[in-house]
Structure formats: structure tokens, C-alpha cells
Amino acid sequence: MVSSINTIMYNLELLNERSSKVTYGLSSNKALEQGSDDSIKFDYLLSIQNNLNTYTAIENRIELSNTYNTFSDTTTSDKKTAMESVNTDIIKALNDTVSSVDKNVIASEVEQIKDTLFSLVNDSTNGEYLFSGNNTDTTPFIKDEVTGQISYESDYSNKKVNVEKNQYTTQGINGIELIYYTNASASNGETLDFTSNEIILDEEGNEWKVLDNDNDGTYDGLYLNGDTSSTPIALTTNSDGTFSITNTEDTKLESKHSYFDDLDELIAALKQKDTNGNDITSSEASTLLSSALEKFEQAYDNTNTSHSKLGIRTNLIESYAQSVQSKLTNYTLLEEQYESADLTALAVESQSLENTYTALYSTINKINDLSLVKYIN
């Protein structure tokens, strides 16, 4: 009899444990209370939840990039509008009937446009500069307080955004892509002439820099990424202040010319001066203006190309955003499928447990009513 009671109590304990899990499932609508309930299903749920966390984080990063992309696109559009205004001013200034006084007025207008452009290319959002590439905390363009010359302070890198597991794609455009256009190029064995404010890039996007290593006033060569430990390309300083090299590398080198330098040349020509502030003739000024018009057309074409590149990069990010949203939806459905309890099955089991409880307690009551004499008989 004692053995029977122990067996009944053991079964009752098991029944209570199962009843507790059924009650938990019915009240929480969750299939598992603990991982040990079903280790295989629990591991699969953990995998799903990890994927949900990963893609939720990626979605948040992509959403944050939308503002950056929108501002970049708007600023690039505004730059094109400003360039169109300058182009109109050049054509106006080339008219023989325009007086020197009017040209000075046009020069003032172009100077204002230059200031506007300088402000635009240093635009930022959420504490990040739009056109500094990957160096978003570096002011992309600075202006010399004496000469007014504007130069690029960052590099040819590009900002990246996480769009997939362990996968990043390019976001926005850097200042070189936005402001600079190819002025000349040289393959191996060819000569390249360039000015001190032009940027030299190879086909991999590496920047080659003119350096004076020992500070003796003589430039020692053109160094890859400004690394003085690398072997430089021999450099010649010309009498007009430009540099010349013979490309000894197996990559094509390009000199990138700044649109801001063209603006400085244009402003000077409108004032009938060269870029050094020396007076020039009306004929020489007209020649410079005609040259400026050609350069501006090239610069404008480059800006259109950069704007298109920006659009392609933005569209790619948006495509990834749709893919991420789709994966989040699928993982959410899977989580619900594996995490949710089968309420119908639990209700049936609950009823079965109730019947078992009734039968078990009835047996316990009958055993408790038995006397030792009756039990022996």
C-alpha cells in the first residue's frame, strides 16, 4: 500500500509539472517556458531572434543613412544650380557691349556664388560632413584667409553603410568627386603637368602628394599617399610654378582640377587681372573668360556624372533596405510560428489533465478510506 501511495504521489508530481507548463502555454501563448522544454526548437528560436536583432540593427543604420543621402542629393543639386548661374554670367561677360563696370558687378555676383558653394560643400547633417568621404568629422574644404584659395582637406575615401551581414556599400560622394574634374592624365612613360593645388590620383583612388621631406625648400618627389618611406616619382618644378613628372608606375595617373580654382581665375579675369593680381589687357581677359567657359562646361559635366553616381549608390542602399525589410518580416513570421503555442492542442491536453486529476484524486481518496484491517483482508 505504501508503494502504491508513493507511485501515485510521484505521478501526481509529474501531473502538476505538466499542468504548470500547459497553464503557462495557455496564458502566455508561448510554446516554450524554458530551453530544456525542447532544446532543438529553443536553439532554432535563438537563431531566429539573433537574425531579427541583426537585421533590425541594419535597418536602423539604413534609416539613419536616408537623411545623409537626401542632404547629399539636395546639396549636389544646389551646386549644379549655382554652376548654371556662373555659366550664365560668363556668357553675359563675353558680350562685347558689357562694360568693365558691369564686369566688376558680375565678378561680385560670382564671388557670392563662390561663398555659397563653399558653404554648401561643407554642409553636414547629424554631426557628419557630407563630402569628407569616410572622414565625416573632418571639414572637407578650407579657405586660405590671405589668398582666398579653397582646397580639399580629406581624401578619396568614401563613407560606408552596413546593408547586410558583414557587408557594406558606398554611401554619398567625397569632395574630390564633387568639386574636382580630370584636367590631364598620363599612363606609364607619359608626362603629366599639374599645378600645386591639383590632386593626383591613380586608378585605385590613391593620392600621390608632392613633398619636401627635409624642408629645404625643394620638392623631393611625388609620394604614394604621402608616404615618405615609399619610392617617389621624380618631380620637376617648372618656372611657371607648375610641376612635371614622367609616370614610372603601372597605373594611369590623373590630375584633378578644382572648380574653385576656375572660379578664382574667372573672378580675376572679370576684374581684368590674372590670378596673381596683376593687371591684364581686355583681350587677355576675354581669352581667360572663353577658357573659363570651356572649363565650366567640363566641370558641369563632371558634376552631372557625380550626381548620377550618388543616385546609383543611394538606389542601391534603398534596394538593400527593401531586402532587409523582407527578411525581417519573414523572420518575424518564423518566430511567431515556432514560439507560439498550439492553443487547441493545449486545451485538449488541459481537459485530459483535468480528467486524470479527477481519477487520481478519486483513487487517493479511496486509499485514504481503507483501514489496515480491510487492506489486509
Among residues of region 248-284 being polar (S, T, N, Q) and part of a helix (DSSP H, G or I), the residue surrounded by the fewest Cβ atoms within 10 Å (Cβ to Cβ) is SER283
Of the residues in region 90-102, those that are surrounded by 12 or more Cβ atoms within 10 Å (Cβ to Cβ) and without any contact (Cβ under 8 Å) to a residue 24 or more places away in the chain number 3
So which pairs qualify, if the first residue must be in region 67-79 and of a type outside the set (Ser, Thr, Tyr), the second must be open to solvent by less than 70 Å² (accessible area, probe 1.4 Å) and part of a helix (DSSP H, G or I), the Cβ gap must be under 6 Å, and the two must be at least 6 apart or on different chains?
-> ASN69/THR314; ASP78/LEU120; LYS79/LEU120
Give the number of residues within region 203-224 that are closer than 28 Å to ASN302 by Cβ and exposed (fewer than 12 other Cβ atoms within 10 Å of the Cβ).
-> 1
Would you point out which residue out of THR138, THR116 is among the β-branched types (Val, Ile, Thr), within 16 Å of the chain's Cα centre (by Cα) and either surrounded by fewer than 16 Cβ atoms within 10 Å (Cβ to Cβ) or part of a helix (DSSP H, G or I) (or both)?
-> THR138
Are any of the residues in region 161-172 open to solvent by 20 Å² or more (accessible area, probe 1.4 Å), touching a residue at least 24 places away in the same chain (Cβ under 8 Å) and within 19 Å of SER258 (Cβ to Cβ)?
-> no
What is the residue count in region 307-328 for residues that are closer than 17 Å to ASN53 by Cβ and open to solvent by 70 Å² or more (accessible area, probe 1.4 Å)?
-> 1
Any chance PHE243 is surrounded by 15 or more Cβ atoms within 10 Å (Cβ to Cβ), more than 30 Å from VAL105 (Cβ to Cβ) and either of a type in the set (A, V, I, L, M, F, W, C) or within 34 Å of the chain's Cα centre (by Cα) (or both) | yes
So which residues in region 72-113 are in a helix (DSSP H, G or I), out of contact with any helix residue (DSSP H, G or I) (no Cβ under 6 Å at 6 or more places or on another chain) and β-branched (Val, Ile, Thr)?
-> THR74, THR81, THR88, ILE91, VAL101, VAL105
Does SER290 satisfy the condition of being in contact with a Phe, Trp or Tyr (Cβ under 7 Å, 6 or more places away or on another chain) and either open to solvent by 10 Å² or more (accessible area, probe 1.4 Å) or polar (S, T, N, Q) (or both)?
-> no
Look at THR287 and say whether it is more than 30 Å from ASN50 (Cα to Cα), outside any helix (DSSP H, G or I) and more than 34 Å from the chain's Cα centre (by Cα).
-> no
Residues located in region 223-265, provided they are of a type in the set (Asp, Glu) and farther than 18 Å from SER151 by Cβ = ASP227, ASP240, GLU249, ASP250
Going by the structure shown, is GLY189 surrounded by fewer than 16 Cβ atoms within 10 Å (Cβ to Cβ), in a loop (DSSP other than H, G, I, E, B) and not charged (D, E, K, R)?
-> yes
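The values are calculated or read from the model by the stated rules, or taken from the named source; none is laboratory data. Fair warning: this is a prediction, and the values are worked out from it, not measured in the lab. In this analysis, Cβ positions are derived from the backbone assuming ideal geometry, glycine residues included, and neighbour counts consider all displayed protein chains. Side chains included, ligands, DNA and RNA excluded: accessible areas come from the protein's heavy atoms. Shrake-Rupley method; radii C 1.70, N 1.55, O 1.52, S 1.80 Å.
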